[in-house]
1. For residue 174 and residue 303, FRET efficiency with R0 = 41 Å and r from the beta-carbon atoms, rounded to 0.05?
2. Could you size up the charge dipole of the chain around its Cα centre, putting +1 on the beta carbon of Lys and Arg and -1 on that of Asp and Glu, and report it in debye to the nearest 20?
3. Over what distance in Å are the Cα centres of region 295-341 and region 162-210 separated?
4. Can you tell me the dipole magnitude for region 1-137 around its Cα centre, using point charges on the Cβ only (Lys, Arg +1; Asp, Glu -1), in Debye to the nearest 20?
5. Pick out which of 150, 45, 80 has the largest mean-square fluctuation in a Gaussian network model of the chain, springs linking Cα atoms closer than 10 Å.
6. Would you mind putting 134-144, 83-93, 167-177 in packing order, based on average other-beta-carbon counts within 10 Å, highest first?
7. Tally Lys/Arg at +1 and Asp/Glu at -1 over every other residue whose Cβ is under 10 Å from the Cβ of residue 278; what's the total?
8. With 24 Å as the limit, write out which pairs from 25/190; 7/131; 7/256; 26/190 have Cα-Cα distances beyond it, or answer none.
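What follows is calculated from the coordinates using simple rules that are stated; it is not laboratory data. What you see is a predicted model, and the numbers here were worked out from it, not measured in a lab. A quick note on method: Cβ atoms are made from the backbone with ideal geometry, for glycine too, and the neighbour counts reach across all protein chains shown.
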Amino acid sequence: MRILFIKLRHIGDALLLTPTIVATKKKFPEAEIWVVVRKSCEEMLAGCPEVDRIVCTARPERDHRKLSGALDELALATLLARTRFDYVFELGDNDRGRWLALLARTSQRCTNSHRSLRKIWRPAFHKISTKKRWPMHQVERDFVCPADFLGLPEPPPPLRFAPERTERWPPADEFDSYAVLHAPTRWPSKAWPLDRWRELAGHLLAFTPRLVISCGPDPAEIRAARELCSGMGDQAVSTEGRTTWAQLAGILSRAKYFVGVDTAAMHLAAAVNCPVVCLFGPSGDFEFHPWSVKYWMIRPHDWTDPETIKKTPSTDLMGLIPVSRVLEACRAASLNREELE
């Protein structure tokens, strides 16, 4: 049996697909599982040993407009057209993924009923799951269609980044007790003021000997991480945006806890069972909270009156979160880890 999953979303969304992949492999251990994701997501999925082959499509905002990207797309289309699949699942709810599903050779092309699934697409799919997926966590939303047509047992398992797929990051080797702080984000609406991160970091050092400041490769994120490290000497080190996902998974697997905003790094912490303190503003906490791990969620909706929330621009919601709330959660996460150890 050969099964293809197509999900053309962001890096964190690729990781959220792993419970479905794990459940599928558990029920069909001899199945060959393929996954099509956007380029740059493959490294995150590489932590899931249940995936037999990862195939990438060009990033629409970059590679798709280049000749090399177009040639890669043609090669992908040819590969899918030549390969026989027993099942094909389009789970990204977008037309680009549907075109790829249409190209794949199969008699079981499956997807979810979705507002973007126009009438023109319905004849292209042999099976369409009509189960209600809202409100659900994104893990559960991905799980619905395969569970319907493959008979997967519920609930979905945890996220998957296998311990043997993690890697060392030498600068953290000598750290015996530390937390990972991931402040920078490329999404302005998810950002918490840097001065509050700086204040929080100072307080964390009172009960957490060292901090690893994680960030992406964007220059603005690197600058923010460096600024957070300044003045803390050897008690804090920045990843400088240079860690691979496997290295970050290794760092997180040994950390006392993770504190950060709604990013792929947060989901990776959950995948390696690191306690999570997460800050949520306008993003859907019910849809993207850390899956199947101990977590503490900080969201202004929990202590701010609804009228104030309604009047506050979505880009300003994170500004309603005080340092004290986050610090309290970090203390609880640290104590929780110590009890487990």
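1. Numbers: r = 39 Å, r/R0 = 0.96.
FRET efficiency, residue 303 to residue 174: 0.55.
2. Using Cβ point charges on Lys, Arg, Asp and Glu, the chain gives about 1480 debye.
3. 17
4. Working: 27 positive and 15 negative charges, 136 e Å.
About 660 debye.
5. 150
6. Details: 134-144: 19.3, 83-93: 21.8, 167-177: 13.4.
In decreasing order of mean packing, 134-144, 83-93, 167-177 become 83-93, 134-144, 167-177.
7. Values: positive: 299; negative: 262, 285.
With Lys, Arg at +1 and Asp, Glu at -1, the net is -1.
8. Working: 25/190 35 Å; 7/131 19 Å; 7/256 32 Å; 26/190 36 Å.
Beyond 24 Å: 25/190; 7/256; 26/190.
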